[in-house]
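Structure, as structure tokens:
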Amino acid sequence: MKKISYLLLILSMTLLFSCYKDESGNKLTLDDYKIYKSFIEDSTWYKDLLQKTGKDKIVFRKLDDSELKDTVTMEDKLTYDKRFEDKYIFSPDKNMVLDPYSYGLEISDSGEEIRDVDTALFLYDLKNNKSAALFYIGPSGSIELVSWIDDSSFITVTSDHETEQKTNFTIFVYQIKEDKISKISGFSAEAFIDKL
């Protein structure tokens, strides 16, 4: 019964995405921003950004396919650390975990967290004992948002502080197939921070 329910859920999600239309009745594809809009615009991160910029909307442009070529392969080792479970982002079925938290983190003897200036996003496959480093970001960037869309796809928003006022944002939508993680869609925007 559980398998049938899960299959029906997958079929309904596939049907929803394949039949999704905008207000004008145009059919949308999986790489259309409107499908992911609620994941972004309903987030606390986005609402805070609007407040800081003094804008009522940030316009994202679709990235070229050449910017989506990266594919990451899972490795046959699990680097999952149970100490940080409360910081991890679990997939709806709890088999996959996104970790935007633990990279470069050391815990002192007194329990104080000492963090590296760089950050990274890791994916853990708990069911198959595999993991992958999806990306690393230097000191001028941040991971702003990580959210699961379903059991095999997720969305990330990263920022890069080009200047003190100007910040570039990149959205990537990833899909997991077996042990491969691919970018299937992407969008970018820039924002000028008026208020600190």
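A compact table of results
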item	result
Residue match in the stretch 83-102 (condition: closer than 24 Å to Ser66 by Cβ, surrounded by 15 or more Cβ atoms within 10 Å (Cβ to Cβ), hydrophobic (A, V, I, L, M, F, W, C) and within 11 Å of the chain's Cα centre (by Cα))	no
Residue satisfying all of: in the stretch 124-138; open to solvent by less than 30 Å² (accessible area, probe 1.4 Å) and closer than 19 Å to Thr170 by Cα; farthest from the chain's Cα centre (by Cα) among these	Ile137
Candidate set from the stretch 89-106 (those that are assigned to a loop (DSSP other than H, G, I, E, B) and under 27 Å from Val117 (Cβ atoms)); member that is modelled with the lowest pLDDT	Gly104
In the stretch 54-88, the residues that are assigned to a helix (DSSP H, G or I) and closer than 16 Å to Ile184 by Cβ	Asp65, Ser66, Glu67, Leu68
Restricting the stretch 103-117 to residues that are closer than 29 Å to Ser153 by Cβ and open to solvent by 50 Å² or more (accessible area, probe 1.4 Å), the residue that is nearest to the chain's Cα centre (by Cα)	Tyr103
Inter-residue pairs, beta-carbon under 6 Å, first open to solvent by less than 40 Å² (accessible area, probe 1.4 Å) and outside any helix (DSSP H, G or I) and in the stretch 32-53, second at pLDDT 85 or above and not hydroxyl-bearing (Ser, Thr, Tyr), 6+ apart	Ser43/Leu145
Residue ranges of strands (runs of 3 or more DSSP E) in the stretch 123-196 with at least 1 members at pLDDT 90 or above and in contact with a helix residue (DSSP H, G or I) (Cβ under 9 Å, 6 or more places away or on another chain)	141-150, 153-161, 166-177, 180-192
Residue that is of a type in the set (S, T, N, Q) and at pLDDT 85 or above, where the choices are Thr73, Thr79, Thr29	Thr73
Residue tally, condition closer than 25 Å to Val173 by Cβ and touching a residue at least 12 places away in the same chain (Cβ under 8 Å), over the stretch 64-86	13
Filter result for Glu67 (modelled with pLDDT under 90, within 23 Å of Lys34 (Cα to Cα), surrounded by 13 or more Cβ atoms within 10 Å (Cβ to Cβ) and out of contact with any His (no Cβ under 7 Å at 6 or more places or on another chain))	yes
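The values are calculated or read from the model by the stated rules, or taken from the named source; none is laboratory data. What you see is a predicted model, and the numbers here were worked out from it, not measured in a lab. With ideal geometry, Cβ positions are generated from the backbone for all residues, glycine too; neighbour counts draw on all protein chains shown. Note: accessible area is taken over every heavy atom of the protein model, side chains too, but ligands, DNA and RNA are not part of it. Shrake-Rupley method; radii C 1.70, N 1.55, O 1.52, S 1.80 Å.
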